[in-house]
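As structure tokens, the structure follows; a few thoughts come after it.
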Amino acid sequence: MSGWNEASRWIGRFVAASVVLVGLAWAQGIGPDEVKISSRPYPQNQTVFRVTTELVEIGVVPRDTHGRAVPGFKQEDFEIYDEGKLRPIKAFSIASAQPASAPSPSPGTLPAASSADKPASSQQKGAAADIVPSRSIALFFDDIHSNVGDLGRAKIAAKRFLEHGLAPGDRIALFTSTGTVFVDYTQDSTKLLAAMSQLQAHPRVPENGIVQCPRITPYQAYLIANDLDPTALQAAETEAASCETTGIARSPFTGKAPSPDSPGGGGVGGQSPGLQINGPEMAAASVIRAQAEQTWNMTKVATHATLDAVERTLDSLAKQPEQRLLLLVSSGFLLEVDNAEQDLVIAQALRSKTVISSLDAKGVYAEAPFLPFDATPNSFNMNSMKALIFGSVTLGAKLDDLGRTMANFSRSTGGLIFRNNNDLDLGFREIGMTPEITYLLSIEPAHDGKYHHLRLKVRGADNDLVQARPGYFAPAQNTAQAASPQNAIDKGVASTEQAAGLPVTISAQQGPLQDGSPAVWVTVHFDVSTMKFASDPGRHSQNLRLVAALLDGKGHIVAGKESAMQLALKDGSFAQLLKSGITAKTFLQAPPGQYRLREVIQDAEGRLFASTVPVEVR
């Protein structure tokens, strides 16, 4: 397959994963400075702090040198510093758990608890401690970010864990990032093992980048798009120079439009020819940055899909009896430092008293010199060698960044992370242990809308062995108002009324994704000729906010996406779109069933479009 065809295939996946502007993004001569698109899950405020009522909860597990949780601490033994300032502890409690013992289970079932095995309730000094003999465990496989080899080894170790590593009375459920494999909480090991055999890797972003040359990996794109390492951009620029001299298929961002018979060629729906983002005047750095941002957007969409699935898993655990454990199995994923979404996951886990433990399925990571085993070198001139050396030098930082969010989940909720070890059997045994005791402390949040770093001191303990939440996102003073149904677009989603303030038509169609999972495809068409645009010299501007949500029979949002579209069209592009209009397309994933699709769109002046369409997911 040619470099362009390969690029088009993966660009098509990104198109499906977020929002593609069909009539706009594929129009001849329309550049990246004329349109900016961003997408995120909706709603964002499901777990938002309420300034007047909620506290920031911090789970704390002090451990000894053998990794065992240490009992006996009281509230006065803890000090919490918020950005260096000592904060009073507003609430304090202790949760304790002890594994019970029981005879070996019969074949085909998980260990069962008997009344004789249940330990009596006990009380820790300083606070009540509830002892629960059995556990609800969610076994979560990240099949988006785990490659075939990592997932295969993890499945073998998980099978042994289900057969030999569980405590009496444990109930297990199986979840995946894609939702293609699911088993509700059960003690039927036969059902769990059968479902686990169906697990497959469903990568959303190619590890070697969306095109062959220049090869910009997701990690390199992450560094470039977030301005974290200037050498990442320099390495890509030198490799781009080697692409020009060696004749290897180039990025679609280097100025060569696709042929009419290639994917994406001839436009979508026959509206326009292939995309040519840049002209000869575009600088090399801008070209590379455009490719990097495309790759990074794809990566973010994949990461948010996994985090959405983790949140749904936590919702299911919250309905189960204590004690609750989520075992996250992944090769790691990329997320911005201090990203607010991971803080919401942590807060959700702490509220439901769920421990998250993580297993890095990569084990001891091995990579061939300079390139992954499955990558093809572009050339061996000095320019390309600089790019290859960059990948080798940054490998350690890459592995740390891939595992950072998993480690943060575990550290913040009292769980363990198992990484850099090929003995995944041992890994499952370790992460499958719920901490014997967890101290739950709460403080009042600050109200400045910023990320706050926390530091904890435990009197009489080795503070290097204390697990605790590293920080939290403080709500702004107007958080409660911003999260209120009075917000126009949120109110529009919650309503059933129709609104026709914008020239929009909506259609929905059921159809599978590339990995076979069920989805609803939503198409939105804008009649540009009747829309209002702000006019500056040589530009026509408009900002649109789009929300698509699937609601169940009770009106609960099952799946939702929110997208922002910023348009700053040049005269020629604007004239072209007056004829063709703009078509946006996205998809929503949900379990099979009957739903209502609610689509709400708002422009920069507050004009609103809202409609409801019945849909079915099969």
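The values are calculated or read from the model by the stated rules, or taken from the named source; none is laboratory data. Computed from a predicted model, the values in this text were never measured in an experiment. Methodologically, a virtual Cβ is constructed for each residue, glycine included, from the backbone with ideal geometry; neighbour enumeration extends over all protein chains shown.
When you go through V205, V211 one by one, which is the residue that is part of a loop (DSSP other than H, G, I, E, B), under 18 Å from the mean Cα position of the chain (by Cα) and among the β-branched types (V, I, T)? Show your work before the answer.
Values: V211 fails: under 18 Å from the mean Cα position of the chain (by Cα).
Within the list V205, V211, the selection yields V205.
Looking at G415, G403, can you tell me which residue is in a loop (DSSP other than H, G, I, E, B), within 28 Å of Y81 (Cβ to Cβ) and at pLDDT 85 or above? Lay out the reasoning, then the answer.
Values: G403 fails: in a loop (DSSP other than H, G, I, E, B).
Just one listed residue meets the conditions, G415.
So, in the stretch 303-323, of the ones that are part of a helix (DSSP H, G or I) and charged (D, E, K, R), which residue ends up surrounded by the most Cβ atoms within 10 Å (Cβ to Cβ)?
Going residue by residue through the stretch 303-323, those that are part of a helix (DSSP H, G or I) are 303-318.
Checking the rest, the ones that are also charged (D, E, K, R) come to 308, 311-312, 315.
Working: D308: 19, E311: 17, R312: 15, D315: 12.
For the stretch 303-323, the residue satisfying everything is D308.
Quick check on the stretch 522-537. Is at least one of its residues touching a residue at least 40 places away in the same chain (Cβ under 8 Å), over 28 Å from G31 (Cβ atoms), in contact with a helix residue (DSSP H, G or I) (Cβ under 9 Å, 6 or more places away or on another chain) and not β-branched (V, I, T)?
Just the residues of the stretch 522-537 that are touching a residue at least 40 places away in the same chain (Cβ under 8 Å), to begin with: 522-529, 531-534.
Those still in the list that are over 28 Å from G31 (Cβ atoms) too: none.
Scanning the stretch 522-537 turns up no residue that is touching a residue at least 40 places away in the same chain (Cβ under 8 Å), over 28 Å from G31 (Cβ atoms), in contact with a helix residue (DSSP H, G or I) (Cβ under 9 Å, 6 or more places away or on another chain) and not β-branched (V, I, T).
With the requirement that a residue be of a type outside the set (A, V, I, L, M), closer than 16 Å to V35 by Cβ and under 21 Å from the mean Cα position of the chain (by Cα), what does the stretch 550-590 give you?
Initial filter on the stretch 550-590 (of a type outside the set (A, V, I, L, M)): 552-556, 560-563, 566, 570-574, 576, 579-581, 583, 585-587, 589.
In the following step, the residues that additionally are closer than 16 Å to V35 by Cβ were identified as 563, 566, 570-574, 576, 580-581, 583, 585-586.
Correct list: S563, K585, T586.
Output the number of residues of the stretch 390-418 satisfying the condition of being under 30 Å from A235 (Cβ atoms), touching a residue at least 60 places away in the same chain (Cβ under 8 Å) and not aliphatic (A, V, I, L, M).
9
Evaluate the stretch 558-571: report whether one residue or more is β-branched (V, I, T), surrounded by fewer than 19 Cβ atoms within 10 Å (Cβ to Cβ) and in a strand (DSSP E or B).
Yes, the conditions are met somewhere in the stretch 558-571.
So Y42 fits all but one of (1) among the hydroxyl-bearing types (S, T, Y); (2) farther than 22 Å from F526 by Cα; (3) at pLDDT below 90; what number is the exception?
So the condition that Y42 fails would be (2).
For the stretch 572-586, give me the residue count where each residue is in a strand (DSSP E or B) and crowded, with 20+ Cβ neighbours inside 10 Å.
In the first step, residues of the stretch 572-586 are kept if they are in a strand (DSSP E or B); the result is 582-586.
From what's left, crowded, with 20+ Cβ neighbours inside 10 Å: 582-584, 586.
Of the residues in the stretch 572-586, 4 are in a strand (DSSP E or B) and crowded, with 20+ Cβ neighbours inside 10 Å.
Select from the stretch 509-556 the residues that are assigned to a strand (DSSP E or B) and of a type in the set (D, E, K, R) and write down the one among them that is modelled with the lowest pLDDT.
Within the stretch 509-556, the subset assigned to a strand (DSSP E or B) is 509-510, 520-526, 534-536, 539-551.
Now narrow it down to the ones that are of a type in the set (D, E, K, R): 536, 539, 545.
Numbers: D536: 78, R539: 90, R545: 90.
Step by step, filter the stretch 509-556, then rank; the result is D536.
In the stretch 132-187, what residues are small (G, A, S) and closer than 30 Å to V205 by Cα? Don't jump to the end; show me each part of the working.
Quick first cut of the stretch 132-187, residues small (G, A, S) only: 134, 136, 138, 146, 149, 152, 154, 157-158, 165, 167, 169, 173, 177, 179.
Across the stretch 132-187, the qualifying residues are A138, S146, G149, G152, A154, A157, A158, A173, S177, G179.
Among the strands (runs of 3 or more DSSP E) contained in the stretch 61-152, which hold 2 or more residues that are out of contact with any Gly (no Cβ under 9 Å at 6 or more places or on another chain), at pLDDT 55 or above and among the small types (G, A, S)?
Values: elements: 78-82, 85-87, 91-96, 122-124, 127-131, 136-141.
Because the criterion is at least 2 residues that are out of contact with any Gly (no Cβ under 9 Å at 6 or more places or on another chain), at pLDDT 55 or above and among the small types (G, A, S), the strands (runs of 3 or more DSSP E) in the stretch 61-152 that meet it are 91-96, 136-141.
Looking at (1) part of a loop (DSSP other than H, G, I, E, B); (2) under 25 Å from the mean Cα position of the chain (by Cα), which is the one condition that is false for A167?
Here A167 meets the rest and fails (2).
Taking the options L223, L233, name whichever one is within 19 Å of H145 (Cβ to Cβ), part of a helix (DSSP H, G or I) and either polar (S, T, N, Q) or at pLDDT 80 or above (or both).
Working: L233 fails: within 19 Å of H145 (Cβ to Cβ).
Only one candidate qualifies: L223.
Before we move on, is V148 farther than 23 Å from A349 by Cα, among the hydrophobic types (A, V, I, L, M, F, W, C) and either within 21 Å of the chain's Cα centre (by Cα) or buried (at least 17 other Cβ atoms within 10 Å of the Cβ) (or both)?
Numbers: farther than 23 Å from A349 by Cα: yes; among the hydrophobic types (A, V, I, L, M, F, W, C): yes; either within 21 Å of the chain's Cα centre (by Cα) or buried (at least 17 other Cβ atoms within 10 Å of the Cβ) (or both): yes.
When the stated conditions are applied, V148 passes them.
Residues P168, P214, P218, P206: which one is surrounded by fewer than 20 Cβ atoms within 10 Å (Cβ to Cβ) and touching a helix residue (DSSP H, G or I) at 6+ places or on another chain (Cβ under 9 Å)?
Details: P168 fails: surrounded by fewer than 20 Cβ atoms within 10 Å (Cβ to Cβ); P214 fails: surrounded by fewer than 20 Cβ atoms within 10 Å (Cβ to Cβ); P218 fails: surrounded by fewer than 20 Cβ atoms within 10 Å (Cβ to Cβ).
Step by step, each of P168, P214, P218, P206 is checked, and only P206 is surrounded by fewer than 20 Cβ atoms within 10 Å (Cβ to Cβ) and touching a helix residue (DSSP H, G or I) at 6+ places or on another chain (Cβ under 9 Å).
L440: modelled with pLDDT of 80 or more, of a type outside the set (V, I, T) and outside any strand (DSSP E or B), yes or no?
Working: modelled with pLDDT of 80 or more: yes; of a type outside the set (V, I, T): yes; outside any strand (DSSP E or B): no.
No.
Of everything in the stretch 182-199 that's buried (at least 17 other Cβ atoms within 10 Å of the Cβ) and assigned to a loop (DSSP other than H, G, I, E, B), which residue is nearest to the chain's Cα centre (by Cα)?
The qualifying residue nearest to the chain's Cα centre (by Cα) is L199.
Go through (1) among the charged types (D, E, K, R); (2) modelled with pLDDT of 90 or more; (3) in contact with a Lys or Arg (Cβ under 8 Å, 6 or more places away or on another chain) and name the single condition K191 misses.
Condition (3) is where K191 drops out.
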